[in-house]
Amino acid sequence: MDNPENRKINPTIAAFDAATFNFAQYPDEHGRFGEFGGKYVAETLMEAIQELQDAYAKFRNDPELIREFETDLRDYVGRPSAMYYAARMSEAYGAQIWLKREDLNHTGAHKINNAIGQALLAKRLGKTRIIAETGAGQHGVATATVAARLGLECVVYMGSEDVARQQPNVFRMKLLGAKVVPVESGTRTLKDALNEAMRDWVTNVDNTFYIIGTVAGPHPYPQMVRDFQSVIGKEARAQMLEKTGRLPDAIVACVGGGSNAIGIFHAFLNDKDVALYGAEAGGDGVATGRHAAPLTAGRPGVLHGNRTYLMEDENGQIIGTHSISAGLDYPGVGPEHSWLKDLGRVTYDAITDAEAMSAFHDVMRYEGIIPALESAHAVAYAKKLAPQYGKDKIILVNLSGRGDKDINTVAKMEGINL
Amino acid sequence: MSRISPLFEQLRQQNRTALIPYITAGDPHPDATVGIMHALVEGGADMIELGVPFSDPMADGPVIAAAHERALAHHVGLIHVLDMVKSFRETNLKTPVILMGYQNPIEAMGTDRFAELAQAAGLDGVLTVDLPPEEAEPASKAYRAVGIDPIFLIAPTTHAERVRHIAKVASGFIYYVSLKGVTGASNLDTDALASRLQEIRSDCGLPVGVGFGIRNAETAAAVGKVADAVIIGSALVQLIADSAAVTNTDNWATLRQKLQDFMAQIRIALDKKTQN
């Protein structure tokens, strides 16, 4: 799998200094991060994407909308989310472990930050119908939540395999008034839900706003979702400085599509002494082929509207992924991550199901927190990194969501009948 | 030059509308495809559009998406589709063949290598659904260099300025998507279509083919009055799905006959135009 092609660095940015590089300039006007990103969609959607791009460009410069977004984050989501020193985990792991508590947000994960932002845009554009895709169900719940609040019709597409393993979130979405459509095509997971949502969008493009849940999809989604999620890193940077008087030595986040990771990384990209790590879903282990780690073991290609690292076979067919965590079970990744990997600014590695399970128990037993299985991947990576850093160093982990939704999966993994 | 422009020129002189059937390569079985292509020509096809199976056919409705899955069950990839074109060309040098598919299988092969192999196989055009003009230039350049037409979609949502731009980067013909939606959708309003096509023609000198929502001879005839080509996909693919040929190779001859008969009906309906 170690194909030198995979490590190709964009020649225009090969010699870069993280301290002075203008990351905020990306994506460029074409929606590209170096060779990644872009707008690879059918012609029928081009108009809608342009409309969204224009609307989003206005949003970024509209103080009233920005104020409305910030007010919602504070009064409805409950931001800023806490920054927590995990004392017993620090003792056990051998480095100072801090947790950015996105699990404490309303609806239980970072996903709501983005859903709130896109819902404001949907309202501004006069759309009456919201659609979304979801894997673990966290983005679906966040979308159903904002749709309920705005009184908009909401349809959530979810792979039928995910529907089966994330029943509590399915019920939650229904209680919020959303229609959950199980997707039976392909591998019946997140990528197929995205295909189905795209099909809905292309059919109902006049009245429908598609709230994509991660930093993937065609431009402007990767940029827009990143901007809405970047509140995580902005808060974390200020909180770290306030609580410890310095910046962390390392930041770890899990990466499926990569929205929580971009969210926490972005404010630190120019802090070149802060090492950034992304934990992909290693499933049964990268060597087994049963995983969801395109940055670790994939190659660049085009899927779901953008060019990025993908898991594909020699014919360019997208291959089935495997992860204990439905939210990471995706064969692609946001294009900005592909670019940050090739730039060498972020290090990505795969964490297996077993490592994530072990970390899940650690967080519960040491800190009394139920982490989402997605977030447990980040914790497991921190556990691996801790001995290399040592007890004087600070590792900040983005605890992107809470794990109540996962208890059935955990019980099943451990052969327990609830 | 590919076979596409000469075909449209010839049809224009005869005041006929091109009939373009779509099938997914490898459906119901990779060994059946070339025979089906010949049967479609026998039934009156002027050009053949061959779908390249992809794991994630986002712009296709359930009928064609299922055809992709049937073909993928036999591991049909782009290289195999090119082999089918090559084998079709052994006995047919006249009928243009175009591929319709998604960008990733082409990228996996490498655009230049694909262009080279496609030319060698005798391919005439490539329509990549998820490659709008904004992203298409490197691929289009490679195709034009080997005499293959890059074909582009125009949608109901495409405004006049974009139509003019697409007309500049496209060659061969324009594929007008007659409906907002995926392949296989229904309810085509032919009056609205006529006025829309008139607008498009004022911005674009290429022949315009119309696809999406044409499922029988009656609609085909109505669309044929205003379009340069009529493209029929899901209705044909549904005939394949419904046939016993999906599970039993003994039924391929029956399937070929059924598809040929279906095409012949449409052909007759389309050609009535010249008699009126």
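The values are calculated or read from the model by the stated rules, or taken from the named source; none is laboratory data. If you're wondering where the values come from, they're calculated on a predicted model, not measured in any experiment. Neighbour counts run over all protein chains shown; Cβ positions are idealised from the backbone, glycine included. Heads up: the accessible areas ignore ligands, DNA and RNA and are worked out on the full protein's heavy atoms, side chains in. Shrake-Rupley method; radii C 1.70, N 1.55, O 1.52, S 1.80 Å.
Sorted on the mean count of surrounding Cβ atoms within 10 Å across their residues, most packed first, peptides B:124-135, B:148-159, B:164-175, A:170-181 read B:124-135, B:148-159, B:164-175, A:170-181.
Screening chain B for DSSP H helices whose Cα atoms reach 27 Å or more along their own axis and whose mean Kyte hydropathy is at least -1.0 gives B:252-275. Given R0 = 30 Å, the distance between the Cβ atoms of B:Lys168 and B:Ile79 translates into a calculated FRET efficiency of 0.40. Here the simple spin-label model places points 7 Å from the Cα toward Cβ, and for A:Asn207 and A:Thr288 these points are separated by 4.7 nm. As a length-normalised measure over Cα pairs under 8 Å and 6 or more apart, the relative contact order of chain A settles at 21 percent. Please compare each pair in A:Lys39/A:Lys341; A:Lys111/A:Lys341; A:Lys100/A:Lys123; A:Lys341/A:Lys384; A:Lys111/A:Lys191; A:Lys174/A:Lys341 to a cut-off of 28 Å on the Cα-Cα distance and tell me which ones are over it. Table pairs above 28 Å Cα-Cα are A:Lys100/A:Lys123; A:Lys174/A:Lys341.
Extension gain, B:Asp191 to B:Glu90: 0.36 nm times the residue separation minus the Cα-Cα distance gives 32.2 nm. Take each residue of peptide A:44-50, count the partner chain Cβ atoms within 10 Å of its Cβ, and average: the result is 6. How would chain A be classified by its alpha-carbon gyration tensor: rounded, prolate or oblate, with rounded meaning a/c under 1.5 and the a/b versus b/c comparison settling the rest? Rounded is the answer for chain A, as its axis ratio a/c remains below 1.5. Annotation: amide H of A:Thr208 has no partner in the under-5 Å range at sequence separation 5 or more or interchain, hydrogens built in the peptide plane.
Exposure check, 1.4 Å probe, all protein chains in place: A:Trp201 carries approximately 10 Å² of accessible surface.
If you count, for each residue, the other Cβ atoms within 10 Å and average over each peptide, how do A:375-382, A:81-88, A:247-254, B:203-210 line up from highest to lowest?
My ranking of the peptides, most packed first, is A:375-382, A:247-254, B:203-210, A:81-88.
Label sites at A:Ala24 and A:Ala57, each approximated as a point 7 angstrom past Cα along Cα to Cβ, lie 1.9 nm apart. The distance separating the Cα centre of region A:393-418 from that of region A:123-171 comes to 22 Å. Here the 3J(HN,Hα) profile of region A:273-278, calculated from phi with Karplus coefficients 6.51, -1.76 and 1.60 at θ = phi - 60°, is 8, 8, 6, 10, 10, x Hz, Gly and Pro shown as x. The residues A:Thr134, A:Thr203, B:Thr91, sorted by heavy-atom accessible surface at 1.4 Å with ligands and nucleic acids left out, run B:Thr91, A:Thr203, A:Thr134 from largest to smallest. Each principal axis of the Cα cloud of chain B was evaluated for its coordinate range; sorted largest first, these ranges are 49, 43, 33 Å.
Is the C-alpha gyration tensor of region A:64-123 telling us rounded, prolate or oblate? Criteria: a/c under 1.5 is rounded; beyond that, a/b larger than b/c is prolate, otherwise oblate. Taking the square roots of the gyration eigenvalues as a ≥ b ≥ c, region A:64-123 is prolate. Divided by 2.2 N^0.38 Å, where N counts the residues, the Cα radius of gyration of region B:68-145 comes to 1.09. Label sites at A:Asp271 and B:Ala160, each approximated as a point 7 angstrom past Cα along Cα to Cβ, lie 5.4 nm apart. Amide H contacts under 5 Å for A:Gly38: A:Arg32, A:Phe33, A:His219, A:Arg307, restricted to partners 5 or more places along the chain or on a different chain, H placed in the peptide plane at 1.01 Å from N.
Close amide H partners of A:Ala82, meaning residues 5 or more places away or on another chain with modelled amide H under 5 Å apart, are A:Arg101.
Which of rounded, prolate or oblate describes region A:275-418 when judged by the alpha-carbon gyration tensor and an a/c cut-off of 1.5?
The shape class here is oblate.
For the protein assembly as shown, adding -39500 (n - 2.57) for each run of n ≥ 4 DSSP H residues and dividing by the number of residues yields -13500 deg cm²/dmol at 222 nm. 3J(HN,Hα) couplings calculated from phi for region A:152-163 with the Karplus curve 6.51 cos²θ - 1.76 cosθ + 1.60 (θ = phi - 60°) are, in sequence order, 9, 5, 9, 10, 10, 9, 8, x, 5, 5, 5, 4 Hz; Gly and Pro show x.
Given 0.36 nm per residue, what is the gain on full extension from A:Leu150 to A:Thr71 after removing their alpha carbon distance, in nm?
Details: separation 79, 0.36 × 79 = 28.44 nm, distance 1.54 nm.
Result for the pair: 26.9 nm of gain on full extension.
Remark: mean inter-chain Cβ contacts per residue of B:99-109 equal 5, using a 10 Å Cβ-Cβ cutoff to other protein chain atoms.
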